[in-house]
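The values are calculated or read from the model by the stated rules, or taken from the named source; none is laboratory data. Just so you know, these numbers come straight off a predicted model, no measurement behind them. Positions of Cβ are generated from backbone atoms using ideal geometry, with glycine treated the same way; all protein chains shown enter the neighbour counts. Accessible surface areas use protein heavy atoms only, side chains included; no ligands, DNA or RNA. Shrake-Rupley method; radii C 1.70, N 1.55, O 1.52, S 1.80 Å.
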Amino acid sequence: MSPWIEAMRLRTLPVSVAGVITGTACALMMGCFSAWPAGLCLAFAVLAQIASNFANEYYDYKAGLDRPGREGPRRGVTEGDITPSAMKVATYFTLGLACAIGCSLIYWGGWWLIAVGIAIALGVMAYSTGPYPLSHHGWGEVAVIFFFGIIPVNFTFYLQSGFFNAITAVASISIGLMGANVLIVNNYRDMEDDAAVGKRTLCVRFGRHAMSTLYLFNGFIAVALMIAYWMLLPIWWWFAPAVYLALHTMIWLRLQRVQGAALTPCLGMTAVLMLAYSLAILASSLWP
């Protein structure tokens with residue numbers, strides 16, 4: 001099971017969880033929390049991300065973009081731990097399971113959600129394959145903001161409330177920027193490997209200095225977008241954005257000092273920090 005667990009990239013899964021938690025927090029603020037759609041959104045988001053991770057490993061292998069001994073986490077297909085056919089089956093099975101759960105959400109959101117589900121399923125695959133794989137051409141960070149911020153936060157809220165609002169939209173961009181930082185660390189670590197096989201990530205295009213600066217700015221912009229929300233709460237809640245920024249800056253400083261596989265913990269810390277921030281929003285939404 002170890003190669004499969006590695007292929008799921010557990011360090012990154014807080015990214016999908018954080019979006020659903022934030023959307024649910026917004027529903028709680030509006031007094032329209034509903035457990036069933038919230039739980040189904042969480043299951044859908046996690047399965048869709050796992051399917052995306054599987055697809056990324058399979059299609060990068062098929063395209064010859066992964067090499068044995070790369071700096072990042074061990075790639076089971078490339079290293080021979082998992083057969084390509086098994087990974088392909090796992091990719092489409094997991095995506096199919098996510099789609100089945102997504103279809104159940106039609107009960108709360110209506111038939112038009114089928115179009116949203118199709119767009120998400122296509123996005124899962126378009127990240128790594130197709131005529132223009134997003135992750136190979138510098139669009140990965142934009143895809144993360146959209147598919148792990150804007151979509152999950154707004155639609156988790158909508159499926160519980162029945163409407164969209166501006167507060168949730170702003171929170172979704174904030175969470176999306178934090179999610180993009182996880183991918184920035186991933187591509188920052190893998191820059192040489194990606195450049196060697198022709199992957200034109202943003203880090204390959206602009207270099208590590210530019211991406212580390214973007215990482216720092218993303219975190220501060222994400223908090224700035226929600227500063228009005230925190231200011232409405234009692235002063236002791238201000239510790240949440242303050243602690244986030246302090247830890248975010250510490251990770252950024254570590255980003256400057258280490259190289260190669262030593263950067264992998266920074267990826268996990270960035271994802272966990274994003275999850276912790278979303279949990280702080282959830283906790284504050286319960287404040288009377």
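What the table shows:
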| read-out | value |
| --- | --- |
| Output for segment 249-288, where each listed residue is under 22 Å from G31 (Cα atoms) and touching a residue at least 60 places away in the same chain (Cβ under 8 Å) | Y277, S278, L279, I281, L282, S284, S285, L286 |
| All positions within segment 24-33 that are open to solvent by less than 30 Å² (accessible area, probe 1.4 Å) and over 15 Å from S172 (Cα atoms) | C32 |
| Which numbered condition G31 fails, given (1) assigned to a helix (DSSP H, G or I); (2) without any contact (Cβ under 8 Å) to a residue 40 or more places away in the chain | (1) |
| Test: A51 is in contact (Cβ under 8 Å) with a residue 24 or more places away in the chain and assigned to a helix (DSSP H, G or I) | yes |
| Residue check, A210 over 30 Å from Q259 (Cβ atoms) and either open to solvent by 20 Å² or more (accessible area, probe 1.4 Å) or not in a helix (DSSP H, G or I) (or both) | no |
| Test: residue in segment 81-92 that is touching a Gly at 6+ places or on another chain (Cβ under 6 Å), part of a helix (DSSP H, G or I), open to solvent by 40 Å² or more (accessible area, probe 1.4 Å) and modelled with pLDDT of 95 or more | no |
| Residues satisfying the stated conditions in segment 107-120, i.e. among the hydrophobic types (A, V, I, L, M, F, W, C), free of Cβ contacts under 8 Å to residues at least 60 places away in the same chain and assigned to a helix (DSSP H, G or I) | L113, I114, A115, V116, I118, A119 |
| Test: residue in segment 14-28 that is over 23 Å from L113 (Cα atoms) and within 14 Å of the chain's Cα centre (by Cα) | yes |
| Residue identified as surrounded by fewer than 19 Cβ atoms within 10 Å (Cβ to Cβ) and closer than 27 Å to S135 by Cα among W36, W4 | W4 |
| Among (1) out of contact with any Asp or Glu (no Cβ under 7 Å at 6 or more places or on another chain); (2) surrounded by 15 or more Cβ atoms within 10 Å (Cβ to Cβ); (3) modelled with pLDDT under 95 - the single one S128 does not satisfy | (1) |
| Cross-chain or 6+ apart pairs with Cβ under 9 Å, segment 138-161 first and in contact (Cβ under 8 Å) with a residue 40 or more places away in the chain, then charged (D, E, K, R) and open to solvent by 10 Å² or more (accessible area, probe 1.4 Å) | G138/R200; G138/R205 |
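So that you can scan it fast, the table gives a plain yes or no per residue for (1) under 20 Å from T270 (Cβ atoms); (2) open to solvent by less than 20 Å² (accessible area, probe 1.4 Å); (3) at pLDDT below 95:
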| residue | (1), (2), (3) |
| --- | --- |
| S135 | yes, yes, yes |
| I145 | yes, no, no |
| S161 | no, no, no |
| I173 | yes, no, no |
| G176 | yes, yes, no |
| N181 | yes, yes, no |
| D190 | yes, yes, yes |
| D194 | yes, yes, yes |
| G198 | no, no, yes |
